[in-house]
Amino acid sequence: MSTITVPKTNTLEEKQYLLRFRADSQSHLTVLDHDICAKNCPDKLCTLFCPGEVYKWEGTRMSVGHEGCHECGSCRIGCPYQNIKWEYPKGGHGIVFRLA
Amino acid sequence: MSEKFDAIVVGAGPAGTSAAYVMAKAGLNVLLIERGEYPGSKNVMGGVLYSHQMREIIPEFYKEAPLERPIVEQRMWALSEKSVVSGGYKGLEWAEEPYNNFTVLRAKFDQWYANKAVEQGALLINETVVTECIVENGKVVGVRTDRPDGDIYADVVVLADGVNSLLAKSLGFHKELQSNQVALAVMEVINLPAEKIEDRFNLEPNQGATIEIFGDSTKGILGTGFIYTNKDSINIGVGTLLSGMIKNKLRPYDLLDYLKNHPMVRPLIKGGEPAEYAAHLIPEGGYHAMPKLVGNGVVVCGDAGQMVNGINREGSNMAMTSGKIAAETIILAKQANDFSENMLDTYRSRLMESFVGKDLKKYKDATHTIDKYPVYLNEYIPAVNKAANEYFTVDGVSKAEKQKKIMKSFTEGKGMLGAIQDIYRVWKVMK
């Protein structure tokens, strides 16, 4: 199958800015072993498919910006190494959709 | 909280609230637990809510519910890069009571609906996460929450905790979901004055339209795009199987922006102001992915039970029906004072005999087949566009010659037999 290309738009920040987040001080997402990301996952897939760009690779470790998480569950299911511990944020915390 | 309830419902979406409403109305002592700030604050859908299943619970709901527009026209687009072949149906009988379906904004609708369950006597607690089911002697007897002293007991627990279904998984009712069993969908709510919506979509006030978009909206990956009209906003979104997103290294919001900027779409949303962005998973595993739905003292409803018919974009209606049947079963169980798996299994058997089970079974292989044979979306949709262009362009070539050329384009590289195989394969999973 030929590679599919979609232009990168760089407008995610604007999209995220539309949302209300009641961020918890503690992350509900945990990358279990940063070495697995470094050694086994050349594409750092979660940094691509996560709809909130929660994951960013910082050279040796995966930074997790849980504050912008949509709580969709894609990273837990999509990580090819089951390397993400995924829980719901504490009651009342996290994303607050006003419309959707 | 040491009080024991007749039933605890986890999740105040369409499945959970339907279950709570029906049980509370029958006089059961019901606790409805929601993890968000309010019901709907964690919930996302494209936006189509079906009248029939809602009326079975609240007959004249449309007289008071916060609905956007009754849908009078449903369009389907086979989208190519610079063209579209469209079809659809518009009928004014859908503009009249009792209507066929409506667009809704879930944060508003779910709050209203949960409050209806409260009016019937259910107790709603927001901002509370159920962390696990309390199991004693092989029977679910309550839930553990993230509140201090947060154990709560009940005869039955209804798990309506949504697509991720962590609680049913922890009970061993299903394994972790696979990336080809869920679609990752992202959407934007774009504010646009009602008058503009009505002009652009050819609608009268208080009429709505939906467009389902196949093909280039997902760059040929299995999935769809959609445009739905609200009162004074438009929901536009796109989703593909998570596995497709991963395989093609796509960012979902890039795909959404691609659709928003597509020449066939751009004029419809031009000048609109984005008001919200939302991502959510949709269960797409269907019949084969359904978990165990019933155990001792516990039932699973709605998205948590993978009850989505992706072919006809139905899900919230299946959720409501599953919640209603679960509630009716629990009411009988209460009368018999028997909350065993054997007793509660009536829920599963009635559900599978209803349209929910029948439709899930009918399309059990559809998603998987179209995913496995991507020709339908990435070859046939462009081919149909090319054929339409060929046929409708007047350029001095005779119609007979045009038809010959079109036939050839459909069989090119695969022969007549290959094309027939492609048609048979899709007929088999959709029939």
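Assorted remarks:
- Dipole of chain B, positive direction: furthest Cα of B:Leu344, B:Ala185, B:Gly40, with charges on the beta-carbon: B:Ala185
- Cβ-defined net charge surrounding B:Lys42, 15 Å radius [Lys, Arg +1; Asp, Glu -1]: -4
- With respect to chain B, whose longest principal axis is taken over its alpha-carbon atoms, helix B:341-353 is tilted by about 20°.
- Its Kirkwood hydrodynamic radius, worked out from the mean inverse distance over all distinct Cα pairs, puts the stretch B:154-194 at 13.5 Å.
- Under 5 Å between amide hydrogens, built in the peptide plane, is the criterion, and for A:Gly91 it picks out B:Val129 among residues at least 5 positions away or on other chains.
- Using distinct alpha-carbon pairs, which all enter the 1/r mean, Kirkwood radius of the protein assembly as shown in Å: 24.1
- Dimensions of the stretch B:367-430 based on its C-alpha atoms, expressed as ranges along the principal axes with the largest first, amount to 43, 20, 19 Å.
- The stretch B:182-283, accessible surface, carbon-and-sulfur percent (1.4 angstrom probe): 50
- Under the simplified labelling scheme, the B:Lys414-B:Lys196 pair shows an inter-label distance of 4.1 nm, with each label point 7 Å from Cα along Cα→Cβ.
- The long axis of helix B:106-119 is offset from the longest Cα principal axis of chain B by roughly 30 degrees.
- Separation of the stretch A:27-41 and the stretch B:1-38, taken as the distance between their Cα centroids, equals 37 angstrom.
- Taking the Cα centre of the stretch A:18-92 as reference, the dipole from Cβ charges on Lys and Arg (+1) and Asp and Glu (-1) amounts to some 80 debye.
- Within the protein assembly as shown, DSSP assigns beta bridges of which about 70% are antiparallel (rounded to the nearest 5).
- Kirkwood Rh and Cα Rg combined as Rg/Rh, the stretch B:182-283: 0.99
- About its Cα centre, the protein assembly as shown has a charge dipole of approximately 1580 debye under the convention of +1 per Lys or Arg Cβ and -1 per Asp or Glu Cβ, with nothing else charged.
- Modelled this way, with points 7 Å down the Cα-to-C-beta line, the labels at B:Asn342 and B:Ile311 are 3.7 nm from one another.
- A viscosity of 0.890 mPa s and a temperature of 25 °C, combined with the Kirkwood radius over Cα pairs in Stokes-Einstein, give a translational diffusion coefficient for the stretch A:47-97 of 209 µm²/s.
- Computing FRET efficiency as 1/(1 + (r/R0)^6) for B:Trp427 and A:Gln26, where r is the C-beta to C-beta distance and R0 is 60 Å, gives about 0.70.
- Counting every alpha-carbon pair across chain B, the share separated by more than 37 Å comes to 28%.
- Taking a point 7 Å from the Cα of B:Asn115 along the Cα-to-Cβ direction, the residues of the stretch A:72-100 with backbone N closer than 19 Å to it are A:97-100.
- FRET efficiency estimate (nearest 0.05) - Cβ-Cβ, B:Val397 to B:Glu132, R0 56 angstrom: 0.20
- For the stretch B:95-199, the list of trypsin sites (Lys or Arg not before Pro) that fall in a loop by DSSP and count at most 12 other C-beta atoms within 10 angstrom reads B:Lys175.
- Label-to-label distance for B:Arg55 and B:Asn206 is 1.7 nm, based on points extended 7 Å past Cα in the beta-carbon direction.
- Average beta-carbon neighbours from other chains, 10 Å sphere, peptide B:267-276: 2
- Buried area at the A-B interface (accessible, heavy atoms, 1.4 Å probe, summed, Å²): 4500
- Cα centroid separation - the stretch A:53-100 against the stretch B:362-410, whole Å: 40
- Chain A: translational diffusion in µm²/s, Stokes-Einstein, Kirkwood Rh over Cα pairs, 20 °C, 1.002 mPa s: 146
- Since only B:His174, B:Tyr424, B:Met407 are under comparison, the one whose Cα sits farthest along the positive direction of the charge dipole of the protein assembly as shown, derived from C-beta charges on Lys, Arg, Asp and Glu, is B:Met407.
- When the charge dipole of the stretch B:182-283 is built from unit charges on Cβ atoms (+1 for Lys and Arg, -1 for Asp and Glu) and taken about the Cα centre, the candidate among B:Phe201, B:Pro252, B:Ile227 whose Cα reaches farthest toward its positive end is B:Pro252.
- Between the C-alpha center of the stretch B:329-353 and that of the stretch B:65-135 there is a gap of 28 Å.
- Principal-axis tilt of helix B:381-392 within chain B, Cα atoms, nearest 10 degrees: 40
- Charging the Cβ of each Asp and Glu at -1 and of each Lys and Arg at +1, and nothing else, the dipole of the stretch B:367-430 about its Cα centre rounds to 180 debye.
- Along chain A, the exposed loop sites are GluC sites (Glu not before Pro) outside DSSP states H, G, I, E and B with at most 16 other Cβ atoms within 10 Å, and the longest stretch free of them is A:1-57.
- Residues losing 30 Å² or more accessible surface upon assembly, the stretch B:41-57, compared with the chain by itself, 1.4 Å: B:Ser41, B:Lys42
- Accessible solvent surface per residue of chain B, calculated while the other protein chains remain in place, 1.4 angstrom probe, Å²: 41
The values are calculated or read from the model by the stated rules, or taken from the named source; none is laboratory data. All of these numbers come straight from a predicted model, not from anything done at the bench. Cβ atoms come from the backbone with ideal geometry, glycine included; neighbour counts cover every protein chain shown. The accessibility values were calculated without ligands, DNA or RNA, using every heavy atom of the protein model including side chains. Shrake-Rupley method; radii C 1.70, N 1.55, O 1.52, S 1.80 Å.
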